[in-house]
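Visitor: Quick one: the structure is below, questions incoming.
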Amino acid sequence: MRKLREHAKVTGQSIAEVEGGNHTKVTIGGMQTTVPRHSEINEITAKAILKLMGVEQ
């Protein structure tokens, strides 16, 4: 979530977060994804989410 927020700030886009049961729906610009809310997210999952949202790693 931290990297997604930083990406939105750097690119000047708004970010919307909607809390669900076990996931958070994140919208940055016109792109949307869901992020699991767990103490730790699998590294492969995290990289896939960042890639989907266009965040450089």
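The values are calculated or read from the model by the stated rules, or taken from the named source; none is laboratory data. No experiment lies behind these values; they were computed from the predicted model shown. As a convention, Cβ positions derive from the backbone with ideal geometry for all residues, glycine included, and neighbour counts pool all protein chains shown.
Visitor: Would you confirm whether any residue within segment 13-26 is among the polar types (S, T, N, Q) and farther than 17 Å from residue 54 by Cα?
Guide: Checked against the condition, which is being among the polar types (S, T, N, Q) and farther than 17 Å from residue 54 by Cα, segment 13-26 yields at least one hit.
Visitor: Give me a count of the residues in segment 24-36 that are over 11 Å from the mean Cα position of the chain (by Cα) and surrounded by 10 or more Cβ atoms within 10 Å (Cβ to Cβ).
Guide: 1
Per-residue answers, yes or no, for (1) surrounded by 13 or more Cβ atoms within 10 Å (Cβ to Cβ); (2) modelled with pLDDT under 90:
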residue	(1), (2)
17	yes, no
22	no, no
39	no, yes
44	no, no
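Visitor: Among the candidates 17, 6, 40, which residue alone is part of a loop (DSSP other than H, G, I, E, B) and among the charged types (D, E, K, R)?
Guide: 40
Visitor: Search segment 37-51 for residues being β-branched (Val, Ile, Thr) and over 16 Å from residue 6 (Cα atoms), and hand back the single one that is farthest from the chain's Cα centre (by Cα).
Guide: Restricting to residues being β-branched (Val, Ile, Thr) and over 16 Å from residue 6 (Cα atoms), the top hit is 44.
Visitor: Another one. Out of 57, 13, which single residue is of a type outside the set (A, V, I, L, M) and either within 12 Å of the chain's Cα centre (by Cα) or surrounded by 10 or more Cβ atoms within 10 Å (Cβ to Cβ) (or both)?
Guide: Checking each option against the conditions leaves just 13.
Visitor: Cβ contacts < 7 Å: first residue under 17 Å from residue 17 (Cα atoms) and polar (S, T, N, Q), restricted to segment 33-57; second residue modelled with pLDDT of 90 or more and exposed (fewer than 13 other Cβ atoms within 10 Å of the Cβ), any location; separation 6+ or different chain. Result?
Guide: Pairs found: 33/52.
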